[in-house]
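Just below is one structure, and these are the notes that go with it.
The values are calculated or read from the model by the stated rules, or taken from the named source; none is laboratory data. Not measured: the values here are computed from a predicted model. Cβ atoms come from the backbone with ideal geometry, glycine included; neighbour counts cover every protein chain shown.
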Amino acid sequence: MSTAAKPIPDLMRRIAGNLRDLLQLELTLGKAEATQTIGASKTGVTIILFALAGLLVSMFFGSLAAMFALTKWLPAWAAACTVGFLLLLVSAVALRIGMRKLNAVDVMPVTQTTLKEHLRWETPSKT
């Protein structure tokens, strides 16, 4: 084996080591970002569920009161349908707002950016 051939295997070993280190760092970054994102989502979901529980209790008693008040002008079945429709409308709006807030959570932006950058460096250019 000549002395000129020694640097190539050594260089290949260092490249493999660097790639392994790079992949380990990417995995660590991805785990950290996933944990952070899940923590933010958990807090948002917990707040939404607590608010919904309070809203359900107040809507139950409020809808009963509204239904009894409407029976003064409408038959009981029409009052119940009117109140039910209004509750459905309010629930649909609340669901849409909640889903918009959950979709606004950016999932692992740093990992996505670094992976895209690494792919750009790894892919040969077509020039």
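Of note:
- Sole residue being of a type outside the set (Gly, Ala, Ser), assigned to a helix (DSSP H, G or I) and surrounded by 14 or more Cβ atoms within 10 Å (Cβ to Cβ), chosen from VAL93, VAL83: VAL83
- Pairs with Cβ under 8 Å, 6+ apart, first in the range 52-72 and under 15 Å from PHE85 (Cα atoms), second of a type in the set (Asp, Glu): none
- Taken as a whole, the range 35-49 holds at least one residue that is more than 30 Å from LEU119 (Cβ to Cβ), surrounded by 10 or more Cβ atoms within 10 Å (Cβ to Cβ) and of a type in the set (Gly, Ala, Ser).
- Test for LYS72: is it assigned to a loop (DSSP other than H, G, I, E, B) and exposed (fewer than 12 other Cβ atoms within 10 Å of the Cβ): yes
- Residue match in the range 4-24 (condition: surrounded by 12 or more Cβ atoms within 10 Å (Cβ to Cβ) and either assigned to a helix (DSSP H, G or I) or modelled with pLDDT of 80 or more (or both)): yes
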